[in-house]
Amino acid sequence: MFPLIPSKSFTIDSPLTREDALRRIRASVLRSGELMAGHNQEPEHFQGIVWEYEFQISRVSRYRSVFMPSITGQLYTHQNRLQIQVTMSLSPVALVLTILGLILVGIFALTSLFQLMATGHINSASLLPLELVSLVYLLIAIGFGIEAGIATRYLRQLLDAAEPATTHQSTLSYLF
């Protein structure tokens, strides 16, 4: 089933210890001064917060993108190996746009249904807003999928993870 809100959830198996993984993640998270000054903004850098057993980060890039995922992760040990459960979700701006788009799709679909029931046919001009809103949703889903794929690759490199990670849910797994 295709979820309405784009997201990606997977587990990374890492050969590192929890302490080494946290050290690497912390080293890749830019401090606010570095972020504001624009220094060392390599694509594999992140911004956010790292705690003892989890992190909440987002990728830093040289370009602005509403599609950048918010990344949360939890570190735990399973059978003497470190596993990082990662969840990527839409940024707040993209989430609001997606929800508004889905509401508009529902309204346009109901309007078209009432028109069909009343007249027996649907005016093709009345479908144009539905098509446009659907296109915006598709663009958000594809943009998120591309940005989530980039962030996944950088996280795997950072944590020396073997390919592929176990994917639990990905709304756009066909893009990767």
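The values are calculated or read from the model by the stated rules, or taken from the named source; none is laboratory data. For clarity, every value in this text was computed on a predicted model and none was experimentally measured. Note that each Cβ is placed from the backbone with ideal geometry, even for glycine, and that neighbours are counted across all protein chains shown.
Limited to the range 88-128, what total is found for residues that are of a type in the set (S, T, N, Q), out of contact with any helix residue (DSSP H, G or I) (no Cβ under 8 Å at 6 or more places or on another chain) and at pLDDT 80 or above?
Taking the range 88-128 first, the residues of a type in the set (S, T, N, Q) are 89, 91, 98, 111-112, 115, 119, 123-124, 126.
Now drop any that are not out of contact with any helix residue (DSSP H, G or I) (no Cβ under 8 Å at 6 or more places or on another chain), which leaves 91, 119, 124.
Pick out the ones that are also at pLDDT 80 or above and you get 91, 119.
Selection size over the range 88-128: 2.
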Residues (in contact with a strand residue (DSSP E or B) (Cβ under 6 Å, 6 or more places away or on another chain) and surrounded by 15 or more Cβ atoms within 10 Å (Cβ to Cβ)) located in the range 60-83: V60, M68, P69, S70, I71, T72, G73, L75, L82, Q83
Which residue pairs have Cβ atoms under 7 Å apart, sit 6 or more places apart or on different chains, and have a first residue in the range 103-114 that is farther than 12 Å from S134 by Cα and a second that is part of a helix (DSSP H, G or I) and among the small types (G, A, S)? T111/S126; S112/S126
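Answer with yes or no whether E54 is surrounded by 15 or more Cβ atoms within 10 Å (Cβ to Cβ), at pLDDT 90 or above and among the charged types (D, E, K, R).
yes
Any residue at all in the range 14-31 that is modelled with pLDDT under 85 and under 24 Å from R64 (Cα atoms)? Even if it seems obvious, please write down each step before you answer.
Just the residues of the range 14-31 that are modelled with pLDDT under 85, to begin with: 31.
Remaining after also requiring under 24 Å from R64 (Cα atoms): 31.
Yes.
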Would it be correct to say that V93 is closer than 30 Å to I150 by Cβ and buried (at least 18 other Cβ atoms within 10 Å of the Cβ)? no
Scan the range 143-156 and tell me whether some residue there is of a type in the set (F, W, Y) and under 21 Å from G48 (Cα atoms). yes
Reported set for the range 137-170 where residues are modelled with pLDDT under 50, under 12 Å from I5 (Cα atoms) and either hydrophobic (A, V, I, L, M, F, W, C) or surrounded by fewer than 19 Cβ atoms within 10 Å (Cβ to Cβ) (or both) is Q169
